[in-house]
Amino acid sequence: MYLYLLVMVSHSAWSVESMFSPHPFIRVVADGAPETAALDNLFLCPSMVKDEVDMSNWPMQEVTINGTLCMNHEEILAMETRSKFLECMTEVVNTTTHVLHDLSIDASLSDGSLLGWYRHSKTFIPWDVDADMTLLKEECRDAFEKHGGPEQKNMAELIQSRLPDQGYRATAVKAG
């Protein structure tokens, strides 16, 4: 479990080992409604880092945490598998969007993907694990009537039939 923090970096050190960390300690300040978060101010920290700090006066007073176990966006993306995963998510979203466009369905980013696009330079949140899209039910019904065949039972199967290979899997979550 991880804690996502909007932070400001300070350049002092708590201990000898933290002196060698690129972010020895991190000041956590409250920002009621940030419109955007600079990547340099975002860190992914194990939840135990927060557990070591008295948070009883936060957000009224800033809190300083030991940042030696935390990773900044560059460290997260430097993990070879992580950057490949984000590239893969981008490819999947682009491919799926093109399939939906061919079916006359306008897809929209939603949830964490929309937040990432807005706050993180029009890309994913660096530690995101999925991509979220929203489709309008009426457009899906129209597309299914026009393009669906007897071999497809639902919209997910229609989309699946148009994806490039078996490496893709279309699933649907019905909401509302």
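Peptides 104-110, 53-59 ranked from most to least packed give 104-110, 53-59, packing being the mean of other C-beta atoms within 10 angstrom over each peptide's residues. Once both labels are positioned 7 Å from their Cα atoms along Cα-to-Cβ, the gap between D111 and A38 label points is 3.1 nm. Amide H contacts of S110: D132, M133, T134, each under 5 Å away and 5 or more positions distant or on a separate chain (H built 1.01 Å from N in the peptide plane; Pro and chain starts excluded).
Can you give the FRET efficiency to the nearest 0.05 for T95 and L69, using r as the Cβ-Cβ distance and R₀ = 35 Å? Don't skip to the answer; put the middle values down first.
Working: r = 36 Å, r/R0 = 1.04.
Between T95 and L69 the formula returns 0.45.
A simple rule links phi to the HN-Hα coupling: the Karplus curve 6.51 cos²θ - 1.76 cosθ + 1.60 with θ = phi - 60°, which for segment 44-50 gives 10, 10, x, 4, 5, 4, 5 Hz, with x for Gly and Pro. Near F43, the amide H atoms lying under 5 Å from its own belong to L5, V7; only residues 5 or more places off or on other chains count, and H is placed 1.01 Å from N.
Bear in mind these aren't lab numbers, they're just calculated from the coordinates by the rules spelled out. No experiment lies behind these values; they were computed from the predicted model shown. Virtual Cβ from ideal backbone geometry, glycine too; neighbours counted across all protein chains shown.
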